Every structure is written in structure tokens, then in C-alpha cells.
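Contents: one structure, followed by commentary.
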Amino acid sequence: MIGVAIIGAGIGREHLAGYRALGARFAVRRLVDLDIGRAVEIAGGDGDIRIGADIAEALTDPAIDLVDICLPPHLHVPIALQALQAGKHVILEKPIAPSLADCDLLAAAEAASGRRLFPVFQYRYGPGTAALDALIAEGLVGKPQVAALETHWNRGASYYAVPWRGTWAGERGGAVLGHAIHNHDLLCRYFGAPAGVSAQVATRINPIETEDCAAILIRFETGALATSSVTLGAAGDKTRLRLVFEHLTATSGDLPYAPADGAWSFTARDPADQPSVDAVLAGLPKPRSGFAGYLEAIADALDGAPGREVTLTCGRRSIELVTAVYAAARDAREVALPLPPDAEFYHGWLPGEMPETGAAGLAENDPR
């Protein structure tokens with residue numbers, strides 16, 4: 001049984017539901033938040049969960065094996081470093097860091113601790129992606145060719161009433177960093193490593209510091225191309241992915257926060273191959289979705305059966321893509337990847353002077 005402390009009771013509510021779906025593998029023993037009332041409400045009367053506001057107590061508790069960090073983005077790196085140094089495995093909500101330099105700091109801490117750090121990309125798990133994985137395993141898909149992504153959501157004044165949202169200091173970025181990052185991770189899972197990025201970003205919908213619209217073109221090492229359209233000014237919340245491969249086109253449904261759960265279609269380019277595609281799809285068991293599927297993969301990895309979990313390498317790739325988008329938008333040019341340590345934005349894309357991240361830069365334990 002893996003003992004868990006959830007730090008932050010906002011998105012932590014959804015994490016807790018995922019753990020409860022895997023009650024034979026995880027035991028949530030602590031829930032930490034400055035808003036004790038909110039934490040009590042989320043715990044739902046579960047007397048086995050200890051509620052508190054002190055992060056340090058969770059980090060020093062020998063009953064805790066895994067620290068799940070669900071804090072505002074500016075606290076991700078310092079608390080993750082403290083947890084790794086305390087000998088805990090770490091789950092770290094997106095975005096894992098505000099720079100590639102901080103990603104590499106996390107990687108060094110992970111290696112030194114002998115523990116694992118798992119970025120949160122729960123969009124990877126569900127029937128749609130499981131079906132695509134099965135078709136790839138059967139050799140029915142072929143090379144990636146072209147993709148089109150839509151992250152078309154609606155975010156207004158009520159969303160940005162939370163003080164740290166929409167600010168460079170608190171959120172570290174806008175729709176590219178905090179919203180489309182899931183879809184970009186899912187794209188890279190199937191299309192591989194990006195080799196070049198062109199982009200435009202804009203603030204058109206809300207009176208905020210960060211961007212709420214973007215148009216992105218990604219060129220991959222395989223030669224494949226992808227476009228990503230991002231807005232927080234849509235009439236509703238919809239996510240859609242169309243992945244065109246050599247032999248097959250995969251199209252998701254439009255569920256905004258669980259695209260792998262939606263109604264996917266898989267169409268063979270050669271109609272003669274469609275019966276083989278349909279035969280594979282007909283025999284598939286239903287997998288766990290979203291946070292439950294994500295956490296199941298982590299439990300497998302910690303129990304000695306890795307391969308399906310999200311790794312820190314994947315998290316770093318997501319931050320590298322964000323870095324390239326901001327660099328490309330600022331300079332109106334294609335940015336080549338991978339970015340070297342002497343790249344201009346390696347230490348961050350924030351405008352102006354910002355305090356250093358890392359454990360020493362944490363002013364207070366703020367688990368909201």
C-alpha cells in the first residue's frame with residue numbers, strides 16, 4: 001500500500017477521487033491546505049485522512065511514501081525539491097516548472113534521491129488512447145503525418161478571480177502553459193520529439209497579463225507537422241485532436257478535460273484495412289481513465305512494472321515546447337529544438353525580473 005499526502009485541496013479533489021478508485025493500492029493519509037474547511041469538505045468525513053495546514057509535517061511523516069503536489073505553479077519546484085530531499089516519491093501537477101533550468105534541477109534531485117517524480121498528464125489514459133495504442137501494436141497505423149489540435153475553452157472573470165491566475169508571477173504563463181499543455185503532451189506521445197516551433201500568442205479575451213489565445217505550428221523530427229489552435233474565448237469547453245498517420249486517421253471526441261474518454265473514430269486510409277482495424281477495436285477491454293488510469297500506471301511503476309507512467313523526461317519535453325512557443329512568438333521565427341543550455345529562454349520566459357525559483361525562493365508554505 002502506497003501512503004499518500006495530497007498538498008493542495010483544489011485540483012487535489014480530483015486526485016483524491018482517483019486514489020479512491022484504486023483503494024487496494026493507495027492510502028491517502030494526509031490532506032494539506034491552508035483552507036482547513038475546504039480540506040475537511042473534500043475528505044468527506046474520511047477519518048483515515050489527517051487534515052492540516054503544515055507541509056513540513058507531511059514531508060517528515062514516515063507513513064507517507066508519495067507526495068502529490070497540487071499547488072499554484074510558482075510553488076511546484078520548491079515543494080517538489082523538498083519532497084524529493086525528504087525521500088518521497090512525487091506527483092507534480094502541470095506545469096512542473098517555469099523553465100528548462102528548473103526541469104534539470106528537478107531531474108538532478110530525482111536522481112540523487114533514488115525516488116521518482118511523475119508529472120501529471122492524465123489525458124493520456126482512457127479508451128480512445130488505449131484503442132490507438134492497440135492499433136499501433138498491431139502495425140495498422142504507420143508513421144505520423146499531420147495533426148490538428150483544438151483547445152477551445154471558455155474562461156472569464158470568475159475563473160480569473162483567483163488572484164494568482166492570469167499573472168506571470170503566480171501562474172507563470174497563460175493558455176499555452178496552463179491549458180493546452182495536456183493536448184501537446186498527448187500529441188508528442190504519438191508524434192515524437194518536436195524539431196521546430198512557430199507561434200503567435202495574444203491576449204484577446206480577458207484583462208490579464210498572460211496570453212489567452214495562440215496559434216502554433218510544430219514540426220517533428222519524423223517530418224510530421226501539427227497545428228494547435230488555443231483560445232479561452234470559445235462559447236463552451238471543447239477539446240479535439242485529429243491525428244493523421246500513414247495508414248489511419250484517429251479523431252477524438254470533444255470532451256474538454258478527458259479527451260481519451262470521448263467517442264473516437266479510427267478510419268483506415270485503405271478501405272480494405274478497415275475490417276482489421278474494427279477487429280482490433282472490438283476485442284479491447286475497457287481501461288481506467290483520467291486520474292485513475294494515470295495513478296494505476298504510477299502504482300505499477302512503483303511496484304516494479306514500469307512502462308505506462310508519465311516520466312520526468314515527458315514533463316521536461318512539455319516545458320521545452322512551451323519555452324519554444326514563447327520564444328517563437330516573441331521573435332516571429334521558427335525555434336529549433338532541442339534547446340541547448342545556453343539558449344536565451346533556458347532559464348525562463350517570464351518578462352522582466354522575477355525571483356529565482358527553487359527551495360531558497362519559497363517565502364512561505366502556501367498550499368492553496
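Taking amide H as placed 1.01 Å from N in the peptide plane, residue 195 has its amide H under 5 Å from the amide H of 219, 220, 221, each at least 5 places away in sequence or on another chain. With each label modelled as a point 7 angstrom along the Cα→C-beta vector, the residue 235-residue 279 pair spans 4.3 nm.
Counting Lys and Arg as +1 and Asp and Glu as -1 over every other residue whose Cβ lies under 13 Å from the Cβ of residue 330, the net charge comes to -3.
Backbone phi angles across the range 189-205, fed through the Karplus curve with coefficients 6.51, -1.76 and 1.60 (θ = phi - 60°), yield HN-Hα couplings of 4, 9, 9, x, 7, x, 10, x, 9, 10, 6, 10, 10, 7, 10, 10, 9 Hz in residue order; Gly and Pro are listed as x.
Note on residue 54 and residue 342: the extension gain reaches 99.9 nm, defined as 0.36 nm multiplied by sequence separation minus the Cα-Cα distance. Quick check on the chain: what are the equivalent-ellipsoid semi-axes from the Cα gyration tensor, as sqrt(5λ), descending, whole Å? Over the Cα atoms of the chain, the ellipsoid semi-axes are 32, 26, 19 Å.
Contact order, relative form, for the chain: 22 percent (alpha carbon pairs under 8 Å, 6 or more residues apart, mean separation divided by residue count).
Taking packing as the residue-averaged number of other Cβ atoms within 10 angstrom, the listed peptides 12-23, 97-108, 273-284 run from highest to lowest as 97-108, 12-23, 273-284.
Working value for the range 57-104: equivalent-ellipsoid semi-axes of 20, 10, 8 Å, each the square root of 5 times a Cα gyration tensor eigenvalue, largest first. Inverting the pair-averaged 1/r between distinct Cα atoms of the range 1-94 gives 12.9 Å as its Kirkwood hydrodynamic radius. Using the Cβ-Cβ distance between residue 14 and residue 41 with R0 = 22 Å, the FRET efficiency computed as 1/(1 + (r/R0)^6) comes to roughly 0.95. According to the calculation over all Cα-Cα pairs in the range 142-225, the P(r) per 10 Å bin from zero is 16, 45, 26, 12, 1 %. In this calculation the C-beta distance from residue 154 to residue 209 is compared with R0 = 22 Å, giving a FRET efficiency of 0.70. Averaging 1/r across all pairs of distinct Cα atoms in the range 78-166 and inverting the result yields a Kirkwood radius of 16.8 Å. A simple count of charges around residue 131, restricted to other residues whose Cβ falls under 12 Å of its Cβ and scoring Lys, Arg +1 and Asp, Glu -1, yields -3. For the range 103-255, a simple Cβ point-charge model (Lys and Arg +1, Asp and Glu -1, everything else neutral) yields a dipole of about 100 debye relative to the Cα centre.
Segment residue 108..residue 265, full-extension length gain: 52.4 nm, with 0.36 nm per residue of separation and the alpha-carbon distance subtracted.
Adding -39500 (n - 2.57) for every DSSP H run of four residues or longer, then dividing by how many residues the chain holds, sets the calculated 222 nm ellipticity at -9000 deg cm²/dmol. Using a simple spin-label model with pseudo-atoms 7 Å out from Cα toward Cβ, residue 313 and residue 85 lie 2.8 nm apart.
Read-outs: derived from the displayed coordinates by stated rules, not from any lab. On a predicted model such as this, the values are computed, not experimentally measured, just so you know. Don't worry about glycine lacking a Cβ; one is built from the backbone with ideal geometry, like all the others, and counts go over all protein chains shown.
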